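Here is the structure we will look at.
The values are calculated or read from the model by the stated rules, or taken from the named source; none is laboratory data. Quick caveat, the model's predicted, so the values are computed rather than measured. Note: ideal-geometry Cβ built from the backbone for every residue, glycine included; neighbour counts use all protein chains shown.
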Amino acid sequence: MRIRKLFGAAAVFGGVLFAALSAAPFAEAAPKTSVTLGMSIEPAGLDPTIAAPVAIGQVTWQNIFEGLTTIDRNGAVQPQLAESWEISEDGKTYTFKLRPGVTFHDGEVFDSSVAKFAIDRARGADSVNPQKRYFQTIEGVETPDAQTLVLKLSEPTGSLLYWLAWPSSSMVGTKSADNNKTTPVGTGPFTFVDWSKGEKVELARNPNYWNKDEAAKLETAVFRFISEPQAQAAALKAGDVDAFPEFAAPELMESFEGDDRLVTVIGDTEMKVVAGMNNARKPFDDARVRQALMMALDRNMIVEGAWSGYGTPIGSHYTPNDPGYVDLTGVYPYDPEKAKVLLEEAGYGNGFTLTIKAPQMAYAQRTAQIMQAMFAQIGVTMNIETTEFPAKWVSDVLKASDYGMTIVAHAEPMDVDIYARDPYYFNYKNPSLNEVLDKIQQTTDSDEQAALYAEAQKILAKDVPALYLFVMPKLGVWDKKLKGLWENEPIPSNVLREVYWEE
Amino acid sequence: MASLIARRLVSLVVTLLVTSLLIFLVMDLLPGDPAAVMLGTSASPDTLAALQRELGLDQPLPLRYLGWISGVLQGDLGTSYTYGVPVAGLIVERLAVTLPLAAMAILISLMIAVPMGVEAARRQKGLVDLTVGLFSYIGIAVPAFWLGLLLILLFATNLGWMPAGGFPGWEAGALLALQALLLPAVALALPQAAVLTRVTRAAVLETLSEDFVRTARAKGLGEGGAVWRHALPASLVPIIAVFGLQATFLVAGAVLVENVFNLPGLGRLAYQALSQRDVIVMQDVVLFFAALVIVMNFLVELAYILVDPRLRAERS
């Protein structure tokens, strides 16, 4: 009888436990000075100056860390820790006037020596800054006085002020820099509180923030990491998170429609979904083949099929967020008949076979499948080979250029210059593009730069070194009463400074 | 008994050393450079080299293995590439989720499987038996993560009784923490329970036809008494054997279920570390899993001896 009793007791105990747990209150009503944001990916460390993953900046940039300059919600460069600057006639000397009265969260005073430390750390021999190339024209850093910082450049660098605004250019303290990966210390409106690895990062309002007019309105903010789209949707609906600024699954967006508490906000990210080609490899070395492949693709259909109709079709490597954007989807519009003619001209009248290395992400897999069907219409057979992103893709495609075609979303803003990099996985060489990109660096006039960016976009649209598909939408889902989040994402971020709850 | 444990311990250490070498070699064969993953698509070769130096990845293979394993033997599991904190601490933190989750799942699956299996065996081909059979078919066919999604839909989204996922941490109170683990534990337990139910039913059925059970009945013991007091204890060896196997499967199941329920457990740590090529975390976690399986098997073997007097007699 003993065992039976044991099981009987266990069953009763289990039942009681289940009932008790079911009835227990699990979510207190959120006080209106706190926000919980959901993110798909947990950052790999919290120092944006030593690792590339965008999730790091999405937690820390403008919340914990600030830069000499910053980027506003419209994508424009604005002063931040540098309140003003002067650029010499030849464009090779930048003199920054630093803001007085700025301190780091640990009390360290921000002045020109700290700024010099941060810049030297990013450009030095042992630097592991993911964007170290953006500092390569800086030859010397001078500090004539505590509030003045002078950057001496080897050549004019028109994008410098923009690059200095990036998360990877954040100003870090001399005492705290080494520990920023685990306990970030910056000058921003929020201080770091705690990181429960695998679960959440907690921030609190910085009471000593230098900009009293723009101090944070929230008392606390929590970033929660939820990778599974179904779990993301469930967390939103159950009120466990207040906002998902970048919801992961477009096909689940409809499920929020009937919800009175939530609002969906569709914007643009900087993620350009492009099918890159190895321009050094046959048949992709022939521009006519690339153009034919471009014309075989109906971008609207791709957006519809792969991403539930969300996303903006593009005709070049540029997003509507950025200055000088031109809609170039009309340069090689969907026209399978013309595509066949071009292939014939290029000597591929009977079509050919290619292999696309498509990463495991949903957007890449789905887009590749639709492309496969569309290429078949012009007699081109495409095999899909799934690869693992980032690890395997980086070593096979990016580093070794061992591929014909691939597909990936380029997340870095305004990165047209990747087509001029040598080596880079496109293996694309076009002196006229390089010339335009050089001119962009020669000027600091933003209108002139915008015009040049338009020119660069047109060159790429005509020459099609990669198949330009669409800009990944920013699928925002959040509580209707939550205000101040960015609609678009001109740089990967979750800026909380202006976020507040409406009564 | 003591000599048995000593022998087991020696073989445990040897197995773990061999396993560690295997793990290390497999990790090294994985395509992808951890430094390149961390520095992304824009990194220049000199930055990559600097990071490889910093992580010690520029050293030759045997040196890296010796560095790792000598650290492990001294209790230093190394520092995570991505998190920047000691791996030992990460594992302990994650165990605070995975161990209670596994324990709850085991408890639930036993609570379901043993009574159901025994009752089904008693009423062979009856209504209870058929129902139990149906349950176990469904349970075996349904994967744990899908069941997890269904449970979330029903209990969190529709009824709002349970959180949809995530873990508040033990500091938020044991009740809240257990509540967060309940649905995932059920999702993990049901498929396990299904298998265990069938094994229990078969084992008890076989024992029921044995003479000593008939004797017990002939003595005048009620049918229930004969089954629960005589047949079940005698059927425990196969049940424990399968249970031991299943417990190790819980580890694999935890990877998926922890992802569905967004629980910061060991399974999710392993999954994340793999995708980010946090090789040192991968090595440590896999080694830990291996140790867990070996210890589990050892415990199961001890359990045989406890429930089966004949084995005890043979050993001594």
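Scanning the stretch B:139-159 for residues being touching a helix residue (DSSP H, G or I) at 6+ places or on another chain (Cβ under 7 Å), more than 10 Å from every other protein chain (Cβ to nearest Cβ) and in a helix (DSSP H, G or I) gives a total of 5. Filtering the stretch B:115-128 to residues that are part of a helix (DSSP H, G or I) and over 29 Å from the mean Cα position of the chain (by Cα) leaves B:Arg122, B:Leu127, B:Val128. Scan the stretch A:59-75 for residues that are over 16 Å from the mean Cα position of the chain (by Cα) and small (Gly, Ala, Ser) and the total you get is 1. Checking every residue in the stretch B:94-107 against the condition of being within 26 Å of the chain's Cα centre (by Cα), closer than 24 Å to A:Pro53 by Cβ and within 12 Å of another protein chain (Cβ to nearest Cβ) gives at least one match.
Within the stretch A:342-356, being free of Cβ contacts under 8 Å to residues at least 40 places away in the same chain and either surrounded by 14 or more Cβ atoms within 10 Å (Cβ to Cβ) or in contact with a strand residue (DSSP E or B) (Cβ under 7 Å, 6 or more places away or on another chain) (or both) holds for A:Glu344, A:Gly351, A:Thr353. The set of residues in the stretch A:315-341 that are buried (at least 19 other Cβ atoms within 10 Å of the Cβ) and more than 35 Å from the chain's Cα centre (by Cα) contains only A:Lys340.
Kindly list, by first and then second residue, each pair from a residue in the stretch B:23-34 that is touching a residue at least 60 places away in the same chain (Cβ under 8 Å) to a residue that is charged (D, E, K, R), limited to pairs with Cβ atoms under 6 Å and residues at least 6 apart or on different chains. Listed pairs, sorted by first residue: B:Gly32/A:Lys392; B:Gly32/B:Arg277; B:Pro34/B:Arg277. Return yes or no: is A:Ser176 within 21 Å of A:Gly45 (Cβ to Cβ), of a type in the set (Gly, Ala, Ser) and at pLDDT 95 or above? The answer is yes for A:Ser176. Give the number of residues within the stretch A:342-371 that are part of a helix (DSSP H, G or I) and more than 16 Å from A:Ala248 (Cα to Cα). Counting residues in the stretch A:342-371 that are part of a helix (DSSP H, G or I) and more than 16 Å from A:Ala248 (Cα to Cα) gives 8. No other residue among B:Val132, B:Val186 is assigned to a helix (DSSP H, G or I), within 10 Å of chain A (Cβ to nearest Cβ), in contact (Cβ under 8 Å) with a residue 24 or more places away in the chain and crowded, with 18+ Cβ neighbours inside 10 Å apart from B:Val186. The combined condition, being over 22 Å from B:Asn259 (Cα atoms), surrounded by fewer than 22 Cβ atoms within 10 Å (Cβ to Cβ), out of contact with any strand residue (DSSP E or B) (no Cβ under 6 Å at 6 or more places or on another chain) and of a type in the set (S, T, N, Q), is not fulfilled by B:Thr197.
The residues on offer are A:Ala231, A:Ala238, and the sole one that is out of contact with any strand residue (DSSP E or B) (no Cβ under 9 Å at 6 or more places or on another chain) and either away from chain B (no Cβ under 12 Å) or under 24 Å from A:Val54 (Cβ atoms) (or both) is A:Ala231. Determine, yes or no, whether B:Glu171 is within 14 Å of chain A (Cβ to nearest Cβ) and part of a helix (DSSP H, G or I). Considered against the rule, which asks whether it is within 14 Å of chain A (Cβ to nearest Cβ) and part of a helix (DSSP H, G or I), B:Glu171 comes out as yes.
All conditions in (1) in a loop (DSSP other than H, G, I, E, B); (2) closer than 28 Å to A:Ser88 by Cα; (3) of a type in the set (A, V, I, L, M, F, W, C) hold for A:Val150, with the sole exception of (1). Screening the candidates A:Val273, A:Val289 for the property of being over 21 Å from the mean Cα position of the chain (by Cα), away from chain B (no Cβ under 14 Å) and β-branched (Val, Ile, Thr) yields one hit, A:Val289.
Would you confirm, using the coordinates I've provided, whether B:Leu57 is touching a strand residue (DSSP E or B) at 6+ places or on another chain (Cβ under 9 Å), away from chain A (no Cβ under 11 Å) and outside any helix (DSSP H, G or I)? For B:Leu57, the condition - touching a strand residue (DSSP E or B) at 6+ places or on another chain (Cβ under 9 Å), away from chain A (no Cβ under 11 Å) and outside any helix (DSSP H, G or I) - is not met.
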